[in-house]
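Here's the structure we're looking at; comments come further down.
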Amino acid sequence: MSGLQAAGATSTELAQTLQRSLLPPIMPEMVGMQVAAAFILAAGGVIVTGDFYDLFPRGESRWCVVLGDVSGHGVDAAQVTALARYTIRADALNTLSPNRVLAQLNQALLTQRQPDERFLTTVCAILRPDADGFTGLITTAGHPSALLHRADGTVESLRTSGTLLGMFPDADLGQVRFSLHPGDALVLYSDGVTEAHAANDWDLFGEERLIALISKVVDAEADALVKSISEAVLAYSNGYMVDDMAILVLRVIRPGEASAGRK
């Protein structure tokens, strides 16, 4: 191996190591819920990206889930990603409202704003179990809407007000309440899914195509939903991924089903 090849291999390995450090090494076990996630690099991608997701308990009975996308790539984007993850983890312990969590993150990003003006889009939800499954509040900030996939295949878009973070003092963050019953799933994803397209075709995969896809998947387990989405997007784009793709699915288990957690 030449010196140039060795340097390239080392650079790729360092990028992959740094990228892994920005994602949970193992998705946590969540009682009553199946959890599955996937992260797929853009075609030929060896640069650290700003896509991230996280799931963690906040208190004894609630969970916080987040998926976000920092503008740009490289070490600077990774620094913003790390700041976002740890700020969300800290602030989620002090509030029951995802819009307050993201408002605090917005202030943290503005306080430590860099000259390159990187910004962040994200979706954040706080859930708790109840007698019928789970209830939660969700907030989106300049990010693709989360999808609520019912056991019968019905799909709802969970859309809230909210601009991207790290740019404006007031991000105008709203929140909506939702419920998940046995067999229902919450689907979070980055714009690498909806903005995927083939090399010579600018027709984007889009939210409508995503909704149509998962509406045909009835009562699927969490990992099957993640697999269906990722495989469909890769097939649609013929493997030409212009952006990285992150997907996270939480599905309420039915009686007798096993929970599942995977990255």
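Laboratory data are not the source of any read-out in this text; all were calculated from the coordinates shown. Given the structure is predicted, the values throughout are model-derived calculations rather than measurements. Here Cβ is always computed from backbone atoms with ideal geometry, including for glycine, and neighbour counts include all displayed protein chains.
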message: Take the residues in segment 123-159 that are of a type outside the set (A, V, I, L, M) and in contact with a His (Cβ under 6 Å, 6 or more places away or on another chain); name whichever of them is nearest to Leu55 (Cα to Cα).
response: Gly133
task: Among the residues of segment 119-154, count how many are within 18 Å of the chain's Cα centre (by Cα) and not polar (S, T, N, Q).
output: 18
